[in-house]
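Heads up: the structure comes next, in structure tokens.
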Amino acid sequence: MALTNQAAIEVNNLLHLSLIQAEVTNHQYVPALAAALPEVRLVGDSLMHITYELRPVAAWDDGRPILGSDVAFTVKLMFCPGLPNEVVRNQYHFIKAVITDSATPRRFTIVCRGQTPEYVKATGDFYILPAATLDPAGRLSRFTLAELQHRAPTAPADTALQALARQYQQGYAGHSPGQLPGCGPYELVSWEKDRFLYLRRKSHWWADQLHPTPLMLRAKPQQLEYVIIPDVATAILALRRGELDVFPQMPAREFERLRTAPATRAALQFYTTDSYNVVTAGFNTSHPALADAATRRALSRCFDAGRLMKATQLGAGQRTVGFISPSDTANYNRALSLIPFDPIQAAALLRQSGWRRAAAPTAGWFRPGPGGTRQQLRLTMRYRAGDPLLTTIALQFQAATAPLDIPVSLLPTEAGSFSEALRVGDFDMYAQVLKGNPFMFNFTSFLHSQGIGVGNFTRFSTPASNHLIEAIATASSNASRQRLLRQFQALMQQEMPIVPLFFLPSRTVADKRLSGLNVGSLKPGYLATTIVRTARATPAP
């Protein structure tokens, strides 16, 4: 299978398991490590108790049972200082405690601050890790979850926590292939950075004892190999030769070319579904020239989302007013209008925000800055190098702003350097695909003030936006959350820290000998564990 930037998620799903998992085809959460969906009890008007019981046969690779204490350890680990867990901390800060039951060690209760229905899914949707393997000395058991959550960043370093952080990192980086602790159906046999990963089905896996085996716990392939092929043409050649079985997220033109060619149409099968990945452009709102919403709204009119969708997706995909998919009819704000491509309006909005266009030889847009300075509207735009979609977006924006005398320098950046540049704010604008899902609406990591320096690359925040994000995350009913989500989409369109362009379709191509792919909208877009290969027919003698 070709390896995409979703590979880490997919491989983790093969090595580890969460309490519940979403089925790729019908978007329903089903039990995984948990024996059943959880029991929910509201306590007073501010707490929610979510009680799970683990499957009786669920076990770690060494045969030890998976217990509620492992769940408690995993949650504490999210808040352990010294680990790069900032995004996870923001996402799960609502967990107040994990109460284990000594009489029934597979039963436990997660206590949540707030009573939103979303917590039922969120509390079950993270990988459970083995306490005995990663913390054999029991260092984390000396701390309550509250002590870890409220530990000040300036607090003196704790030697026990420092040792645990090192133990955790060595527990993964230090294990040789095949020894990674987990409870999923596969083990990592070998891997080479930026080249391949090879996984083998465990000969004795605890879920083999379940009859019938739930779809999400089936593991039919005896081995899975993921290969990184940066060049699309090379990957397609391997697919046509039968050296590659599945190519997820294939670019539009290549997909259509294969689908319409008689030779490849006979040998391959083609799938197209909606996805929850939205193409965006973001602004660094900490830069003075981009600090005001009017300037950002003006520049948003220089993206021709409709033509970009035609050019890069052959017209497939969905235009959008925000980060909620138009397919989500309950939460999408249809009262808002799509952002138009309108350079004339862009110029008018720039004048409204105090910019004045100068004539040659100092052509450009200028306005008075703080302390008697003079601001010029000059932009640098970063995007991941080698990505045709993002490259096209950057070139289109540059071409649209050139007649307006807004100079835009394009900075294609290697993937690792790109992430670091966004984190430290080394850009004016960026183009990126945001990965989403239809279940949870927690915008803390990339639009709340708590996410600045972590996942909030735009550095945007206002009291109103923070309040809405927090209210959405803690809404006590679906109706209340729907109302808040529509307000949030309207506020984001007004403030415009990020320009939402369109939601991508998901295209998967597979060898026709494969069945059981279970293609759907959830990433990675198919289910590798249910794939079955039929033997290639041999001609009769």
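The values are calculated or read from the model by the stated rules, or taken from the named source; none is laboratory data. Because the structure is a prediction, the values reported are computed rather than measured. Every residue, glycine as well, gets a Cβ built from its backbone with ideal geometry; the counts of neighbours run over all protein chains shown. What goes into the accessible areas is simple: the full protein's heavy atoms, side chains included, and nothing from ligands, DNA or RNA. Shrake-Rupley method; radii C 1.70, N 1.55, O 1.52, S 1.80 Å.
Brief remarks follow.
Rundown of residues vs (1) surrounded by fewer than 18 Cβ atoms within 10 Å (Cβ to Cβ); (2) out of contact with any Leu (no Cβ under 9 Å at 6 or more places or on another chain); (3) modelled with pLDDT under 95; (4) closer than 29 Å to S203 by Cβ, yes/no style:
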{"residue": "Q28", "(1), (2), (3), (4)": "yes, yes, yes, no"}
{"residue": "A32", "(1), (2), (3), (4)": "no, no, no, yes"}
{"residue": "G44", "(1), (2), (3), (4)": "yes, yes, yes, no"}
{"residue": "I50", "(1), (2), (3), (4)": "no, yes, no, no"}
{"residue": "G68", "(1), (2), (3), (4)": "no, no, no, yes"}
{"residue": "L83", "(1), (2), (3), (4)": "yes, no, yes, no"}
{"residue": "E86", "(1), (2), (3), (4)": "yes, yes, yes, no"}
{"residue": "D101", "(1), (2), (3), (4)": "yes, yes, yes, no"}
{"residue": "P117", "(1), (2), (3), (4)": "yes, yes, yes, no"}
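- First in the stretch 272-288 and more than 29 Å from A510 (Cβ to Cβ) and in contact (Cβ under 8 Å) with a residue 24 or more places away in the chain, second anywhere and open to solvent by 20 Å² or more (accessible area, probe 1.4 Å) and part of a helix (DSSP H, G or I), Cβ under 8 Å, 6 or more apart: P288/P370
- One residue alone among F366, F418, F341 is among the aromatic types (F, W, Y) and more than 19 Å from T285 (Cα to Cα), and that residue is F341.
- Yes/no for R334 being open to solvent by 40 Å² or more (accessible area, probe 1.4 Å) and under 34 Å from the mean Cα position of the chain (by Cα): yes
- Selection within the stretch 268-301 - hydrophobic (A, V, I, L, M, F, W, C) and either touching a strand residue (DSSP E or B) at 6+ places or on another chain (Cβ under 7 Å) or buried (at least 22 other Cβ atoms within 10 Å of the Cβ) (or both): L268, F270, V278, V279, A281, F283, A289, L290, A298, L299
- When P230 is tested against (1) modelled with pLDDT under 90; (2) surrounded by 22 or more Cβ atoms within 10 Å (Cβ to Cβ), just one condition goes unmet, and that condition is (2).
- Scanning the stretch 408-432 for residues that are at pLDDT 95 or above and either open to solvent by 40 Å² or more (accessible area, probe 1.4 Å) or part of a strand (DSSP E or B) (or both) yields V408, S409, L410, L411, P412, T413, D426, M429, Y430, A431, Q432.
- Any hit, the stretch 226-233, residues being part of a helix (DSSP H, G or I), out of contact with any Lys or Arg (no Cβ under 8 Å at 6 or more places or on another chain), within 18 Å of A510 (Cβ to Cβ) and not charged (D, E, K, R): yes
- Of the candidates N442, N456, the single residue that is open to solvent by 10 Å² or more (accessible area, probe 1.4 Å), of a type in the set (S, T, N, Q) and either closer than 28 Å to S506 by Cβ or in contact with a His (Cβ under 6 Å, 6 or more places away or on another chain) (or both) is N442.
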